[in-house]
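Encoded as C-alpha cells, the structure appears first; notes follow it.
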Amino acid sequence: MATGNGNDLARARLAGSNLVGLTHERSSKFKKEAAREASLRIGELLKQADIRVWQDTGLVQKGISAADYWLQQCILVLQQAPLTINIEPFKFFGAAVSGDRVQSIWNRLRSKGPGYTDFREGAEQTMFGYDDGDGTVNGVNVGQDIKKYGSTGGMGANGQPRSHSFVGDMRPKYAGVNFSWASCGAACTYGMSHFVLKDYLRMNAAYAPRDSFGVESRSQIGSFFNLEPILANCATYVLEQIMQSARTRVPPGPPANPPVMPIFFHEKAKGGDGSKGSDYIEAILHTEVVFGRDVEVLRIARQEVRDTKTGDPIKNKTWTVKKATIEKNIKAFSKQHGVKVEYF
C-alpha cells in the first residue's frame with residue numbers, strides 16, 4: 001500500500017477535503033425530499049408542550065409548521081453536539097501510543113481479522129464512490145484525485161490494496177455525534193472512554209444515520225449543512241433522543257440536564273424498528289485528526305482502567321494488559337501531546 005511522497009500526501013489531504021465538499025453537493029440533491037420525510041417523522045413525535053413552544057414563536061403566522069420548527073431544532077442539536085471517538089483504554093493505551101494523529105483503519109489493517117477489509121471497502125464505496133472518478137465542487141473537477149488516492153484498486157491476495165497510488169489517510173476516520181451529551185460519548189459500543197474533538201472538525205465531516213456498515217445508499221449521507229438525510233433515516237429511538245435534547249437544549253450548548261450516567265440506547269437490539277447496523281449518528285472525517293491540535297479532551301472511564309485480557313486476531317495469541325501499564329501510557333500520551341485528561 002502506497003504511503004506517498006510529500007506532494008502525494010498533500011494532494012491526498014486536499015482530495016479528502018474536496019470529497020467532503022462533493023458529499024455536500026451530492027446531499028443537497030436530496031435535501032428537500034429528506035426534509036419532508038424528517039418533518040413527517042418528527043410530526044409523529046410531537047407532544048402538546050412541543051406545540052405550545054411552536055405557537056409561542058409566532059412562526060404559525062409565517063406558514064412554518066410545528067414539525068418544520070422542531071426539525072430545525074433537531075438540526076441545531078446535531079450541529080452543536082460534540083464529536084467523540086470512543087475507545088477502550090486497554091486497546092488504545094495497552095502500549096505506548098505511536099504517531100501524533102488518528103489513523104484510518106487502512107493504516108491498521110493488521111489489527112483486523114480476515115475479511116474485514118471487504119466489508120469496510122463495501123461500506124465506504126457505498127457512501128463515497130471512490131472508484132467513480134467524477135464529481136465537481138464549485139465547477140472544479142475533483143473526482144480524478146479522489147479516485148487516484150482513495151481507490152484501492154481492489155484487494156490483493158495479501159489483503160492489501162492493489163493500487164500503488166492509494167493513500168490510507170485518504171480514507172475516513174470515524175467519530176460519533178454525542179447528541180445527548182452522554183458522559184460515555186456518542187458510541188459506547190466501542191468503549192465508554194473517548195476523545196472529544198474540537199468544534200471546527202464538525203464542518204469537515206460527512207454524516208451517516210447509523211454505523212456506516214448499515215448505510216444502504218449515498219442518499220442517506222449528509223453534510224454539516226445538509227443534515228436532513230440523517231434525521232430522515234436514523235432509527236426511531238435515536239430520533240426520539242435527539243428530540244429530547246432539542247426540547248431541553250440551552251442555546252448554543254447542551255440540554256439543561258444532560259445525562260450524567262452512561263446511556264446505552266445506542267445498543268438496542270439491531271433491526272428492532274427496521275434499522276440496520278449500530279444506531280448512533282456517525283461523523284465521517286476526511287481530514288487529519290492530530291492529537292495535540294484537534295483533541296479538546298480525553299475522557300477516561302475509571303471502570304475501564306483495569307487488568308484486561310486481549311489478543312491478536314492474526315496470531316491467535318492472548319495476554320493481559322495491566323492497569324498500571326494503561327495508566328502509565330495515558331500519562332505519557334497526555335504529556336507528549338498536551339492533551340487534557342478527565343476521569344469519570
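The values are calculated or read from the model by the stated rules, or taken from the named source; none is laboratory data. Quick caveat: nothing in here was measured; it's all calculated off a predicted structure. So basically every Cβ, Gly included, is an ideal-geometry build from the backbone, and we count neighbours across all protein chains shown. Note: areas computed on protein heavy atoms with side chains; ligands, DNA, RNA excluded. Shrake-Rupley method; radii C 1.70, N 1.55, O 1.52, S 1.80 Å.
Which of rounded, prolate, oblate describes the range 135-185, given a ≥ b ≥ c as roots of the alpha-carbon gyration tensor eigenvalues and a/c under 1.5 marking rounded, otherwise prolate only if a/b is larger than b/c? Oblate shape, in that a/c is at least 1.5 and b/c is the bigger or equal ratio. Projecting the Cα positions of A187, G16, T248 onto the charge dipole of the chain (unit charges on Cβ atoms of Lys, Arg, Asp and Glu, taken about the Cα centre) puts A187 furthest along the positive direction. The ellipsoid that matches the Cα gyration tensor of the chain has semi-axes, each √(5λ) in whole angstrom, of 33, 27, 18, with the longest given first. With every protein chain in place and a 1.4 angstrom probe, the accessible-area ranking of K328, K198, largest first, reads K328, K198. Placing +1 on the Cβ of every Lys and Arg and -1 on the Cβ of every Asp and Glu, with no other charges, gives the range 61-114 a dipole of roughly 260 debye about its Cα centre.
For the chain, the Cβ-based charge dipole about the Cα centre amounts to some 920 debye (Lys, Arg positive; Asp, Glu negative; other atoms uncharged).
Rounded to the nearest 20 debye, the dipole magnitude of the range 17-125 is 120 debye, with +1 charges on Lys and Arg beta carbons, -1 on Asp and Glu beta carbons, and the Cα centre as origin.
Could you tell me whether the range 19-175 comes out rounded, prolate or oblate from its Cα gyration tensor? Rule is a ≥ b ≥ c as square roots of the eigenvalues, rounded for a/c under 1.5, then prolate if a/b exceeds b/c, otherwise oblate. It comes out prolate by the Cα gyration axes. Prolate is the label for the range 1-81. Its Cα gyration tensor axes, ordered a ≥ b ≥ c, give a/c of at least 1.5 and a/b above b/c.
When only alpha carbons of the range 42-133 are considered, Rg and Dmax amount to 22.3, 61 Å.
Just the protein heavy atoms count here, and of the accessible area of the chain at 1.4 Å, carbon and sulfur take up 51 percent. With axes computed from alpha carbons, what is the tilt in degrees of helix 116-128 against the longest principal axis of the chain, rounded to the nearest 10 within 0 to 90? Helix 116-128 and the main axis of the chain meet at about 40 degrees. Axis of helix 6-28 versus longest Cα principal axis of the chain: the two differ by about 20°, to the nearest ten degrees.
Note that the chain presents 47 Å² accessible area per residue, ligands and nucleic acids not counted, probe 1.4 Å. With a Förster radius of 30 Å applied to the C-beta separation of W319 and D100, the computed FRET efficiency comes to 0.65.
Taking the chain as the reference, fit the longest principal axis to its C-alpha atoms, fit the long axis of helix 236-248 to the helix C-alpha atoms, and give the angle between the two in degrees, 0 to 90, nearest 10. Here the helix axis deviates by roughly 70 degrees. Annotation for F225 and A10: the two label points, set 7 Å from Cα along the Cα-Cβ direction, are 2.7 nm apart.
Can you pull out the cysteines in the chain that have no other Cys Cβ under 4.7 Å? Cys with no partner Cβ under 4.7 Å: C74, C234.
Each 10 Å bin, from zero up to the one with the longest distance, holds this percent of the alpha carbon pairs of the range 151-255: 12, 36, 33, 14, 5, 0. Measuring nothing but how far apart in sequence close Cα pairs (under 8 Å, 6+ apart) lie, relative to its length, the range 174-260 scores a relative contact order of 30 percent.
Placing a label point 7 Å from the Cα of E304 along the Cα-to-Cβ line, the residues of the range 57-84 whose backbone N sits under 17 Å from it are 82-84.
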